[in-house]
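A short worksheet on the structure shown next.
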Amino acid sequence: MTARVLIVDDIPTNVKLLEARLLAEYFEVVTASSGAQAIEICRSQDIDIVLLDVMMPEMDGFTCCQILKRDAVTAHIPIVMITALDQPSDRVRGLEAGADDFLTKPVDDVQLLARVKSLARLKGLGDELRARSRTSHELALEDTARTEFGIAVDAGRILVIDTERARAERIEAYLRNSHKVTILVDPSEAVFQMSGGDYELAIVSMALEGFDPLRICSQIRTVDQTRSLPIILVAEDKDRPQVVKALDLGVNDFIMRPVERHELSARVKTQIRRQRYTVELRESLNSTMAMAVIDELTGLYNRRYFERHLAMVLNKAQEQDRDMAVMLLDIDYFKPVNDAYGHDAGDVVLKEFATRLQRNIRGVDLACRFGGEEFVVVMPDTDMRAAQGVAERVRSAIADEEFKVGAAKPLNITVSAGLALNDQESDTPESVIKRADIALYRAKRAGRNRVVHDAA
């Protein structure tokens, strides 16, 4: 995996050293000598990761990081602080500013590259969601300006996995005031436990007795319910080679023993914030997609979805030399309902009509609201006889039972329907719809409350 990495340092020697390491691994490198320059580059270019020095004149790395993370344009870019500062308080400050990691000089090459690759991979996944969200935004369906820093990070649901309960309880004690922590001392139950629980973070000890911690992490990643769940490893100095491998496997972060309370809290907050942001983005996207293809009033698919679906079904039918049918329906005398009883009553009729329509077509059929009081049904693998049977069942379901519209007198509602098949090699979605529309017009002219099929 390649990525564009921005190196920010006011000392040219440091920049050259990092640049040589990254270029050797085929990363694309961009450089900046100040925080202000870095911010401008991040806003104007596609940057995947920022390697940020802390001690710089005019604007230090902490301030630069805060600005980048609070800007909707740049908030999603992972930041790794690289500095000579080595106190736990410095790491905590960096993490609280929004940094994804805080590496102390001299930086181990293997560890640096593993972290860069890991963050590049995570950013790629996030970018895909944001790209889809931007498409929805362009359709005026949602606002994508929210950043991770608008997400609450308290009351996280955390699973601590360690075969030694005393170690796990120390972790739990550090976090219990802000989060709900569950301890699991049998790692073989990890996947089952996490799949059945609504966890937001797993903290896995590298000192599991009788278990390979990396295999446990790998198993967590193979289950759909936990595939994207963040994982923090708790390791010792001797575990560094395995930690590097773990990052390559998809582990999100690590912390070294002895565990510093505030650093642990900061790293946990970072992962929970990112997880909640990702979940929110995904749910928003799913909801937005639903908004894009579902008619809000009736709950049926809308015309946009219908047109795409019809094209697919017709193409398949033509390729396989199969029948398909389209039924176009129009509620009879619907305007007088709105005029006499109001649009609220009209909405009740439309919703009840959609319910009855959906109830009386087959599972393979797709019902959509075509617009206003018009509806359409796509029926794959359906000849005219079968289509007429479905249409008559729908017509009867509408006509045989009155529609209740609140306190008003129940209404007698009927529907006219036009049917058309894909019986011409040159058929297009438009031509099939046109023939169904002509058949519907004939049904209206013949007295309404009837089904007419295309005679072409």
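The values are calculated or read from the model by the stated rules, or taken from the named source; none is laboratory data. Bear in mind that the values here come from a model prediction, so they are computed numbers and not experimental data. As a convention, Cβ positions derive from the backbone with ideal geometry for all residues, glycine included, and neighbour counts pool all protein chains shown.
Among the residues of segment 357-387, those that are closer than 18 Å to Tyr333 by Cβ, surrounded by fewer than 18 Cβ atoms within 10 Å (Cβ to Cβ) and free of Cβ contacts under 8 Å to residues at least 60 places away in the same chain comprise Gly372, Glu374.
Scanning segment 300-327 for residues that are assigned to a helix (DSSP H, G or I), among the charged types (D, E, K, R) and more than 26 Å from the chain's Cα centre (by Cα) turns up Lys316, Glu319.
Is it true that Ser265 is among the polar types (S, T, N, Q), touching a residue at least 60 places away in the same chain (Cβ under 8 Å), in contact with a helix residue (DSSP H, G or I) (Cβ under 8 Å, 6 or more places away or on another chain) and farther than 21 Å from Ile77 by Cα?
When the stated conditions are applied, Ser265 passes them.
Restrict the check to segment 178-197 and report whether at least one residue is outside any helix (DSSP H, G or I), over 20 Å from Ala166 (Cα atoms), touching a residue at least 60 places away in the same chain (Cβ under 8 Å) and within 24 Å of the chain's Cα centre (by Cα). No: zero hits.
Evaluation of Pro57 against the conditions (1) assigned to a helix (DSSP H, G or I); (2) out of contact with any helix residue (DSSP H, G or I) (no Cβ under 8 Å at 6 or more places or on another chain) shows that the sole unmet condition is (1). Filter segment 303-329 down to the residues that are out of contact with any Pro (no Cβ under 8 Å at 6 or more places or on another chain), of a type outside the set (Phe, Trp, Tyr) and either surrounded by fewer than 21 Cβ atoms within 10 Å (Cβ to Cβ) or at pLDDT below 90 (or both) and list them by number. Arg303, Arg304, Arg308, His309, Met312, Asn315, Gln318, Glu319, Gln320, Asp321, Asp323, listed by residue number. Listed by first and then second residue, the pairs linking a residue in segment 319-332 that is farther than 17 Å from Ile433 by Cα and touching a residue at least 24 places away in the same chain (Cβ under 8 Å) to a residue that is part of a strand (DSSP E or B) and among the hydrophobic types (A, V, I, L, M, F, W, C), with Cβ atoms under 9 Å apart and 6 or more places separating them unless they lie on different chains, are Ile331/Phe375; Ile331/Val415; Asp332/Val415.
Taken together, the residues in segment 337-366 that are closer than 22 Å to Ala420 by Cβ, of a type in the set (Gly, Ala, Ser) and modelled with pLDDT under 95 amount to 1. Just one of the listed residues (Ala38, Ala99, Ala32, Ala75) is crowded, with 22+ Cβ neighbours inside 10 Å, closer than 22 Å to Pro230 by Cβ and small (Gly, Ala, Ser), and it is Ala99. The residues listed here are Ala443, Ala354; of these, the one that is without any contact (Cβ under 8 Å) to a residue 40 or more places away in the chain and more than 27 Å from Gln320 (Cα to Cα) is Ala443. Just to be sure, is Thr355 farther than 28 Å from Met291 by Cβ and in the same structural domain as Lys444 (by TED's automatic domain parsing)? So Thr355 does not fit the description; no. I'm checking my understanding of the structure. Among residues of segment 256-281 that are of a type in the set (Asp, Glu) and more than 25 Å from the chain's Cα centre (by Cα), which one is surrounded by the most Cβ atoms within 10 Å (Cβ to Cβ)? Filtering segment 256-281 for residues that are of a type in the set (Asp, Glu) and more than 25 Å from the chain's Cα centre (by Cα), the one surrounded by the most Cβ atoms within 10 Å (Cβ to Cβ) comes out as Glu263. Here the condition is being in contact with a Gly (Cβ under 6 Å, 6 or more places away or on another chain), without any contact (Cβ under 8 Å) to a residue 60 or more places away in the chain and not assigned by TED's automatic domain parsing to the domain that holds Val251; of Asp53, Asp60, Asp86, it holds for Asp53 alone.
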